[in-house]
Amino acid sequence: MTERQATVKPGKMLVISGPSGSGKTTICKQLLQDPRVQFSVSATTRAPRPGEVDGRDYHFTSKERFREMIAQGAFIEHAEVFGNLYGTPRAPMEEALKQGRVYLLEIDVQGALQLKELGVPGVYVFIAPPDFDELRRRLVDRRTDAPDVIERRLRKSEDEFRERHRYDHIVINDELGRAVGEVRRLVGLD
Ligand code: 5GP
């Protein structure tokens, strides 16, 4: 084996977006079963939801601290979603890529397109629901949000859906196992 082959291959960024209720979080959880995949824990100023753990799901942060981090260049991208700030910390991403991992970012369309426009190399995947009636049903069934919040999320979803062609790949989440398999192949895990 040559010295070159023996060195660790640099990792790959896998950027996943999709409307709420598209099942993208479930897909990400399945992808994370693979030890070669590492989740990018974002910082956010929104309050934790029941069951969410600080440092695992998000770094829950005050607005002041978040703004300091922006000023320090701590984020590779950041965006405002429904009045809350979300950002992808830069340092853990650089470390994971050095270690040859697949670094999974579950971020909104604004953030993903910022990275793409900056020329950040990665595989950009949009998870699409099979149809919007189905998406509405999933959001209502989830029962985590009030009806006006659901309406707002659906409007954002429709706006995001229009941007899907700017991604490298659109994966339709018609069947979970199939969709996960497709994403795994796109980043060379299978
Ligand atoms: P939620 O509050 O429901 O967890 O997330 C709201 C939206 O923010 C989702 O579309 C989620 O993918 C996105 N999001 C989470 N973390 C980040 C981030 O670091 N940057 C950006 N741009 N969006 C994020």
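The values are calculated or read from the model by the stated rules, or taken from the named source; none is laboratory data. Just so it is clear, the model here is predicted, and its values are computed rather than measured. Note that we place each Cβ from the backbone using ideal geometry, even for glycine, and neighbour counts take in every protein chain shown.
Worth pointing out:
- The set of residues from region 70-82 being within 15 Å of S40 (Cα to Cα) and more than 8 Å from the ligand (Cβ to nearest atom) comprises A74, I76.
- Considering residues of region 81-110 that are polar (S, T, N, Q) and either farther than 17 Å from V125 by Cβ or crowded, with 22+ Cβ neighbours inside 10 Å (or both) only, the residue modelled with the lowest pLDDT: Q99
- Among the residues of region 4-19, those that are more than 16 Å from the ligand (Cβ to nearest atom) and modelled with pLDDT of 80 or more comprise P10, G11, K12.
- In region 111-162, the qualifying residues are those that are outside any helix (DSSP H, G or I) and charged (D, E, K, R), and the one that is modelled with the highest pLDDT is R162.
- Single residue of region 83-116 satisfying the filter (among the acidic types (D, E) and within 13 Å of the ligand (Cβ to nearest atom)) that is farthest from the chain's Cα centre (by Cα): D108
- One residue stands out in region 20-69 among those that are of a type in the set (K, R) and either assigned to a loop (DSSP other than H, G, I, E, B) or over 21 Å from E80 (Cα atoms) (or both): the one that is farthest from the ligand (Cβ to nearest atom), namely R36.
- Pairs, first basic (K, R) in region 28-52, second more than 9 Å from the ligand (Cβ to nearest atom) and outside any loop (DSSP other than H, G, I, E, B), C-beta under 7 Å, six or more apart: R36/V102
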